[in-house]
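Notes follow the structure.
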Amino acid sequence: MGNSHITIHNKEFRPYFSAVQLDEVVTSLAARLSADYAGHKPLFVVVLTGGFMFASDLLKRFVGDCEIVFIRVASYEGTDSTGVVQEILGLREEVQDRHLIIVEDIVDTGTTMHHLMPTLLAKGPASVEIAALFFKPASLRHELSVRYVAMEIPNDFVVGYGLDYDGLGRNLPDVYVAV
Ligand code: 5GP
């Protein structure tokens, strides 16, 4: 991909991970998942929009029967001070007694997953794990176990490979980081 910086919305980014590097880490994560879920016919729950490219590459390399569903999460402030009410859009599949794997672009503060988890667990699945392309451990603000991580990164802002900066950059095959 070269060493050229790019500009998105007047913000400068430099190359961070090439498509080849991404392919390597996604391939090895897929191998782990294939081994761990052999014979279990998991249901992959892909969180849109940022997770679409990661999910596509990951699931092409998953070996074995599986089902795939795409969801969106919508958060609303609750009426009392306990805060956020989570709604899952697009989950029509029966999840009871199924092994679920949430496929997410980035776990940053962990807030999204922290709210999604109990909503999914309330539906009675056999298990729920998280598979994230990127995990920023230094940003994590909730107790959350992220078992499947393709790459741990510092607390930097990244774009490309499904991830956007204010709507742009999702189509880039490489990942860039803000300079
Ligand atoms: P969390 O709820 O874990 O704080 O954040 C999760 C969401 O924030 C991710 O799914 C992603 O959409 C967004 N996000 C967090 N860090 C980044 C980043 O570095 N780049 C981009 N493009 N989005 C991010």
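Would the stretch 86-94 turn up any residue that is open to solvent by less than 10 Å² (accessible area, probe 1.4 Å), within 16 Å of the ligand (Cβ to nearest atom) and over 16 Å from the mean Cα position of the chain (by Cα)?
Just the residues of the stretch 86-94 that are open to solvent by less than 10 Å² (accessible area, probe 1.4 Å), to begin with: none.
The answer is no, given that none of the residues of the stretch 86-94 is open to solvent by less than 10 Å² (accessible area, probe 1.4 Å), within 16 Å of the ligand (Cβ to nearest atom) and over 16 Å from the mean Cα position of the chain (by Cα).
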Do we find a residue being touching a Leu at 6+ places or on another chain (Cβ under 8 Å) and within 16 Å of the ligand (Cβ to nearest atom) anywhere in the stretch 62-69?
-> no
Sort out for me the strands (runs of 3 or more DSSP E) sitting completely within the stretch 125-179 that have 3 or more residues that are within 10 Å of the ligand (Cβ to nearest atom) and of a type outside the set (Lys, Arg).
-> 127-135, 175-178
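Report yes if some residue within the stretch 82-89 is free of Cβ contacts under 8 Å to residues at least 40 places away in the same chain, under 30 Å from Ala38 (Cβ atoms) and not basic (Lys, Arg); otherwise report no.
Residues of the stretch 82-89 free of Cβ contacts under 8 Å to residues at least 40 places away in the same chain: 82-89.
Next cut, under 30 Å from Ala38 (Cβ atoms) only: 88.
With the extra rule that they be not basic (Lys, Arg), the set shrinks to 88.
Looking through the stretch 82-89, at least one residue is free of Cβ contacts under 8 Å to residues at least 40 places away in the same chain, under 30 Å from Ala38 (Cβ atoms) and not basic (Lys, Arg).
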Give Pro173, Pro125, Pro154, Pro137 a once-over and let me know the one that is touching a helix residue (DSSP H, G or I) at 6+ places or on another chain (Cβ under 6 Å) and either in contact (Cβ under 8 Å) with a residue 12 or more places away in the chain or buried (at least 20 other Cβ atoms within 10 Å of the Cβ) (or both).
-> Pro173
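The values are calculated or read from the model by the stated rules, or taken from the named source; none is laboratory data. Just so we're clear, the structure is a prediction, and the values are computed from it rather than from any experiment. Every residue, glycine as well, gets a Cβ built from its backbone with ideal geometry; the counts of neighbours run over all protein chains shown. Side chains included, ligands, DNA and RNA excluded: accessible areas come from the protein's heavy atoms. Shrake-Rupley method; radii C 1.70, N 1.55, O 1.52, S 1.80 Å.
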